[in-house]
Amino acid sequence: MERWKKRKLNPRFVILCAVLAALTLAVIAAGLSKLLGGPPPAEEISVPDYVEKDYLTVNPWSRPGEPLKRIKGVVIHYVGNPGTTARANRNYFESLSGGEQETYASSHFIIGLEGEVVQCVPLTEIAYASNTRNDDTVSVEVCHPDETGVFSRPSYNRCVELTAWLCHEFQLNPGEDVIRHYDVTGKQCPLYYVEDPAAWDAFLEDTAEALEALEAAERAAEKNS
């Protein structure tokens with residue numbers, strides 16, 4: 001009886017199969033990442049140089065220390081206190097830590113009138129800013145010069161830049177995953193960008209363009225490295 005000869009595998013066929021398997025896994029991972037809202041925050045996230053970290057004291061009222069397990073969006077707010085600085089608003093959140101006011105409030109970032117940014121809560125923890133979306137979003141509070149709630153040009157530009165960076169960092173889509181506080185609770189926040197939907201649409205477009213520029217710069221840096 002003739003013995004069956006072992007068939008030799010074509011090396012090209014093996015490589016092709018490996019490539020197809022890797023691509024399939026990448027597509028599945030990308031789909032799951034989109035469904036779940038991007039990768040979970042790392043233990044320590046390196047923020048842009050323009051951000052000053054000044055974390056609140058861990059306390060039940062403004063920094064509970066609860067883990068932010070998955071980031072699925074960015075929520076934009078306005079401080080609602082015209083003419084105040086990022087530092088003043090950060091200190092207000094800190095003043096809640098004793099519980100005397102019985103107020104829960106904070107934000108991950110506060111953008112000041114001149115475009116300065118103070119980070120109050122690590123990106124690995126929740127902030128008390130967006131009600132039912134506290135556990136899966138990053139909150140950005142923006143200072144404004146007057147009662148209209150219109151952001152100053154430096155504040156606006158920085159908000160676009162920071163939001164684009166957050167979208168890049170956590171694989172978010174500005175058109176779908178960047179929202180207003182209003183979109184969560186119906187609160188008139190950020191006021192001007194609720195009263196003028198076209199202004200909000202323009203902000204999202206500017207953020208999308210900033211994200212594209214950021215990704216293009218990253219690809220160019222990788223190509224030249």
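Any read-out appearing in this document is the output of simple, stated calculations on the displayed coordinates, not a laboratory observation. Please read all numbers here as calculations on a predicted model, not as lab measurements.
The figures follow:
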quantity: Compactness index (Cα Rg / 2.2 N^0.38 Å), region 123-178; calculated: 1.23
quantity: Where N is the number of residues in region 80-137, Cα Rg divided by 2.2 N^0.38 Å; calculated: 1.14
quantity: Compactness index (Cα Rg / 2.2 N^0.38 Å), region 78-222; calculated: 1.04
